[in-house]
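Colleague: Below you'll find the structure I mean.
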Amino acid sequence: PWFAVSTLLFPFLMWLVGIAVAVTSLNRLVLRHIRDLGRRMRGFATRRAVEVAGRIDDAPNEIQTINATFEAMADQLLRDEADLENAVYEREVLLKEVHHRVKNNLQLISSIVNMQVRQVSSPEAVTALRQFQDRVTSLASVHRALYQEPSLTKIRFDVLLGDLVAKVNAASAPAGAQPVQIDLDLDPVTLLPDQSGPLAMMTAEALSNAFKYGGPGRDGGFR
């Protein structure tokens with residue numbers, strides 16, 4: 001009986017041994033390298049770090065080709081990202097320099113207009129020059145805000161508005177007189193440069209009209 005049972009179990013045992021050998025070989029030659037490649041791909045995706053494969057020489061040619069393609073692709077992506085970061089940095093530096101120079105030129109124009117105002121005796125001419133100066137000052141404030149902002153795409157308009165009101169108030173004050181005390185209650189507002197420019201000019205125009213047609217009331221406040 002034991003001989004008959006062993007004869008019947010021998011093919012089953014051989015089948016189990018074959019399965020074990022196949023699984024071991026598959027894990028050693030293929031699955032181990034695929035898991036390692038997947039781990040290195042995830043590391044590159046999260047940390048942008050390219051790890052060199054430890055033992056890839058005993059892997060099949062197809063897996064070695066995939067590994068070489070991944071390492072070349074990762075290296076190319078890192079170089080492209082570095083070039084892109086350098087290009088963005090150079091663009092930001094150039095834009096900041098442009099905004100800085102435009103701001104300086106506009107402030108120079110405002111100073112020249114202010115000198116001209118002192119030499120003009122006609123009230124109409126003084127009013128026209130002051131309005132022009134306020135508009136130039138508003139544009140200079142926008143470019144100064146863009147120069148100081150790190151992103152170059154958005155402006156804290158409440159900060160810009162406070163600075164613009166102070167500059168227009170100081171420029172509109174008569175010679176020897178103190179500027180009007182203006183109380184501001186502004187919420188934090190972030191705008192695009194295309195939105196900030198027209199709003200700054202509108203604010204300067206409104207302040208100019210207020211100083212032109214307004215005056216101190218009975219309570220001492222400006223009306």
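The values are calculated or read from the model by the stated rules, or taken from the named source; none is laboratory data. This one's a predicted model, so the numbers in the text were calculated from it and none came from an experiment. We place every Cβ from the backbone using ideal geometry, glycine too, and count neighbours over all the protein chains shown. For accessibility, only protein heavy atoms count, side chains too; no ligands or nucleic acids. Shrake-Rupley method; radii C 1.70, N 1.55, O 1.52, S 1.80 Å.
Colleague: Answer yes or no as to whether ALA128 is over 17 Å from MET202 (Cβ atoms), among the small types (Gly, Ala, Ser) and either open to solvent by less than 60 Å² (accessible area, probe 1.4 Å) or in a helix (DSSP H, G or I) (or both).
Modeller: So ALA128 passes the test.
Colleague: Now for a different question. Does region 59-76 contain at least one residue that is surrounded by 10 or more Cβ atoms within 10 Å (Cβ to Cβ), without any contact (Cβ under 8 Å) to a residue 60 or more places away in the chain, among the aromatic types (Phe, Trp, Tyr) and out of contact with any helix residue (DSSP H, G or I) (no Cβ under 9 Å at 6 or more places or on another chain)?
Modeller: No.
Colleague: Would you point out which residue out of PHE132, PHE157 is of a type in the set (Phe, Trp, Tyr), at pLDDT 80 or above and under 32 Å from the mean Cα position of the chain (by Cα)?
Modeller: None of the others qualify; the one that does is PHE157.
Colleague: Is there a residue in region 135-149 that is aromatic (Phe, Trp, Tyr), surrounded by fewer than 18 Cβ atoms within 10 Å (Cβ to Cβ) and not in a loop (DSSP other than H, G, I, E, B)?
Modeller: No - not one qualifying residue is present in region 135-149.
Colleague: From the residues in region 160-169 that are more than 23 Å from the chain's Cα centre (by Cα) and open to solvent by 20 Å² or more (accessible area, probe 1.4 Å), which one is nearest to VAL189 (Cα to Cα)?
Modeller: GLY162
Colleague: Here is a follow-up. Can you name every residue in region 180-205 that is open to solvent by 60 Å² or more (accessible area, probe 1.4 Å) and closer than 13 Å to PHE132 by Cα?
Modeller: Those that are open to solvent by 60 Å² or more (accessible area, probe 1.4 Å) and closer than 13 Å to PHE132 by Cα: MET201, MET202.
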